[in-house]
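The values are calculated or read from the model by the stated rules, or taken from the named source; none is laboratory data. All of these numbers come straight from a predicted model, not from anything done at the bench. Here the Cβ positions follow ideal geometry from the backbone for every residue, glycine too, while neighbour counts run over all protein chains shown. Accessible surface areas use protein heavy atoms only, side chains included; no ligands, DNA or RNA. Shrake-Rupley method; radii C 1.70, N 1.55, O 1.52, S 1.80 Å.
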Amino acid sequence: MTISRRSFVRLGAAGLLLPAAAGCGVRLGGLSAGNNSAQGSAGSELSSAAPLPAPFTRPLPIPDVLAPVRSDAEGDHYEITQRAAQAELLPGLPTEVWGYNGTFPGPTIVSQRGRPTIVTHRNELPVPVVVHLHGGRTPAEHDGYPTDMILPVGGADHGHQMGGMSATGSRAYVYPMDQPAATLWYHDHRMDFTGPQVYRGLAGFHLVHDDAEDALGLPASDRDIPLMITDRAFAADGSFAYPSVDPSLTGTPGVTAEYMSGVLGDCILVNGAPWPVLEVDAARYRFRLLNASNARRYQLELDPPAPMVQVGSDLGLLAAPVAHERIDIAQAERFDIVIDFSRYAVGDEVTLVNRYGSGGAAYVMRFRVARRAPDGSRIPQRLADVRLLTPSDTMVRRSFVFARGGAEAHGMTLWTVNDQPFDPAFSHADPRLGSVELWRVRALNVEHPFHIHLAQFQVLGKGGQGPGRFDGGWKDTVNLDNGDHADLLVRFDGHRGRYVLHCHNLEHEDMMMMANFDVV
Ligand code: C2O
Ligand code: CU
Ligand code: CU
């Protein structure tokens, strides 16, 4: 780290911190900035200027599973090129996406537990990138630390002044995958620019399978479908609308002042398609729900109502299934659910709605029950051995406050952790490898989804009570409502080294709400 993060804050902040009077002209190709923050989400909603398609007309795309380029004693080797491409997200109006292999979402990687997965990323984008496997138990040098960048092929040098261990053109990430079956995802993690780079499309699924899960008889193969839910707004020319201070993403980071709390779009996409429709058999399906939105939180419900049976959380199977009538899903959380469509008649339509949204954001996608079909799947009453951690007097306790404040420049206040803006040179904690610690994390000003790399946690309690309905199982992300706190039993396993924790509202993350910890 050649330049201290703090001096960068001072330099970079100038662009973030337009005084309100100068910042009033938010113009994004005719977009109007509605300041209506959706219920349960921090942020301001952008309205699309491009015509949006009628809902439930586009078929649900299912991202391709990436084939390894080779498999050998080291593991399975994959290659991904990050590049710009034109995608038809809106009918007849192309959108430039920045995608893994040019697609949004990126291709799905499927790993078998314990079999190393080596992914070589080549950067043909005009900006530095960082790849993070969210939920991966990954050695620090492969975790996608925000300054460990891959500079563009051909050596454009933006970003090298940030320090870190940058590669030029391409690099390999080595993932041991020594962890249970789970729904992970990979996404960009570039310092200060994660929000806009994920928004342009840099996100994909990475699934882990293992024998124990395969033996359960849960719905599988074409009845096991990942659903990446995102919200976006589109400019009149079809491009993604995002209120970057510098849309080239090569200079000043951050968003214009009125989006400081988060960027919300008015169009909900699932696997990259606006409000898609999926034809299903009258049978059980497993859906791997991922909220990959920057700032939007959803409350998902089926209409007409039917149970969504949760079988897995962020980091793998629950001990036993839990039926939900509705599911609150914060950014980066995963819920693996089973829906049994045999309760419906052929021809029925079932809509997945968002009770926290209004207008177009109140709808997510639709299922159309197309035919009767045999179903050999089951949902066993015992899914996995999830041993409950218990607190002890000897545990190390730490506390983290996620709030706006503690650092400011030019009259605007940044998002911070324990009053500190992110500084790659400063570490907040040094948990011991193999230990469990008791952490209290608290959210102020607005809600903040807390996320920690490497470690896994169980929610001991929230707001002075037991865990909430959506906090079950092993997790890496948990939502914190404004003013709320959670007590987490956090297990540090697998690797030593420096990792980050942060708010997974990506605008907050980019505007300094991130902190280091060192596993020692
Ligand atoms: Cu999904 Cu550090 O991120
Ligand atoms: Cu992560
Ligand atoms: Cu936050």
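Work through the residues other than R368 whose Cβ is under 13 Å from its Cβ and net out their charges, Lys, Arg +1 and Asp, Glu -1.
Charge balance near R368 sits at -1.
With a probe of 1.4 Å, find how much accessible area the chain has per residue, and write the answer as a whole number in Å².
So the chain comes to 35 Å² accessible per residue, rounded to a whole number.
Any idea what % of Cα-Cα pairs in the stretch 201-274 are farther than 13 Å?
77 percent
Restricting to the chain, what percent of DSSP beta bridges are antiparallel, rounded to 5?
If I count the DSSP bridges inside the chain, around 75 percent turn out antiparallel.
Cα-based Rg of the chain per 2.2 N^0.38 Å, rounded to two decimals?
Taking N as the residue count of the chain, the ratio is 0.91.
Going by average Cβ density within 10 Å per residue, which order do the peptides 305-315, 90-100 take, highest to lowest?
305-315, 90-100
With Cβ to Cβ distances under 11 Å as the rule, what net charge do the other residues near R326 carry (K, R +1; D, E -1)?
Summing Lys and Arg as +1 and Asp and Glu as -1 gives -2.
Quick one: with all protein chains in place, what share of the accessible area of the chain is carbon or sulfur, to the nearest percent (1.4 Å probe)?
50 percent
Assuming a ≥ b ≥ c are the square roots of the Cα gyration tensor eigenvalues, decide whether the stretch 391-519 counts as rounded (a/c under 1.5), prolate (otherwise, with a/b larger than b/c) or oblate.
The shape class here is oblate.
When the helices in the chain are scored as -39500 (n - 2.57) per DSSP H run of 4 or longer and the sum is shared across all residues, what 222 nm value do you end up with, to the nearest 500 deg cm²/dmol?
So the calculated ellipticity at 222 nm is -1500 deg cm²/dmol.
How high is the relative contact order of the chain, in percent, counting Cα pairs under 8 Å that sit 6 or more residues apart?
Reported as a whole number, the value is 16 percent.
At a 10 angstrom cut-off on C-beta neighbours, averaged per residue, how do the peptides 139-147, 421-429 rank from highest to lowest?
Sorting 139-147, 421-429 by mean packing, highest first, produces 139-147, 421-429.
How would you rank 265-277, 70-82, highest first, on the average number of other Cβ atoms within 10 Å across their residues?
Order by mean packing, descending: 265-277, 70-82.
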